[in-house]
Structure formats: C-alpha cells, structure tokens
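See structure below.
What follows draws every value from the coordinates through simple rules; no lab data is involved. Note that this is a predicted model, so its numbers are computed, not measured. With ideal geometry, Cβ positions are generated from the backbone for all residues, glycine too; neighbour counts draw on all protein chains shown.
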Amino acid sequence: MKKEANRRATRRYRLGVAARALAAIGGGYALSALASVALALWLPVARAEAVTWGLLAAFVVYPLAVMWVFAARSAARAWLGLALPAALLGLPVALHQWGWLARAPT
C-alpha cells in the first residue's frame, strides 16, 4: 500500500515537472516572441530601432518567464501566469495584423 502511494506521488511530481518544463520552453518562447513583436510595433522610434529593441527585450522576457514558471506554486498557476500576459500582448498584435490598429508614428 505504501509503495503504491509513493509511486503515485512520484508520478504526479514528474508530471508536474514535465508540465512546468513544457510551459517554460514553449510558453516562455511564445511570450518572448509576442513581447518582441508588440514592442517592434508600438515603440515610437524608427522601425529598425523598434525591431532591435523588441528583440533585445525578448532576451529579458524569456528568462523571466522561465523563472516564473518554476517559482509558481503549481503548474496551473505557471500556465496562467504565461497565458495572461500573452493574451494582453497578443490582442493588440492581432488587431494590428487585421488592420484595426495602426503602427505608432515615427
């Protein structure tokens, strides 16, 4: 009986770590890519400079996202902590792509 409970706890722990790793790798990449695109679209500087600053910001966002994922209390909170900022960044980017929002003037 004790071995079975230990086996279940180990399996649950491993699935939690796998979910966090997937969130860190995939979700962190998606969040940093969205941050890069959003900054490139909305910074009021020349387009080349905006793209450069957006890409530089992605190098900050990705490690922060990975740290957040492994610092969150649960894998569900980790996913939620990535999904909300991604949605907030993705909505203006999507609206811009659909032509509903214009790029910031330079």
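Miscellaneous remarks
- Under the combined filter of DSSP loop state and at most 16 neighbouring Cβ atoms within 10 Å, the range 29-106 retains these trypsin sites (Lys or Arg not before Pro): R73, R103.
- Taken about its Cα centre, the chain carries a charge dipole of roughly 920 debye when the Cβ of each Lys and Arg holds +1 and the Cβ of each Asp and Glu holds -1.
- Approximate spin-label separation W53-W100, in nm, with each point projected 7 Å along Cα-to-Cβ: 2.6
- Taking every DSSP helix (H) stretch of at least 4 residues in the chain, weighting each as -39,500 (n - 2.57) and dividing the sum by the residue count yields a mean residue ellipticity at 222 nm of -27500 deg cm²/dmol.
- Coarse-grained scattering of the chain at q = 0.21 Å⁻¹, given as base-10 log I(q)/I(0) from a Debye sum over alpha-carbon atoms: -1.01
- Highest-first arrangement of 19-27, 92-100, where packing means the average Cβ count within 10 Å: 19-27, 92-100
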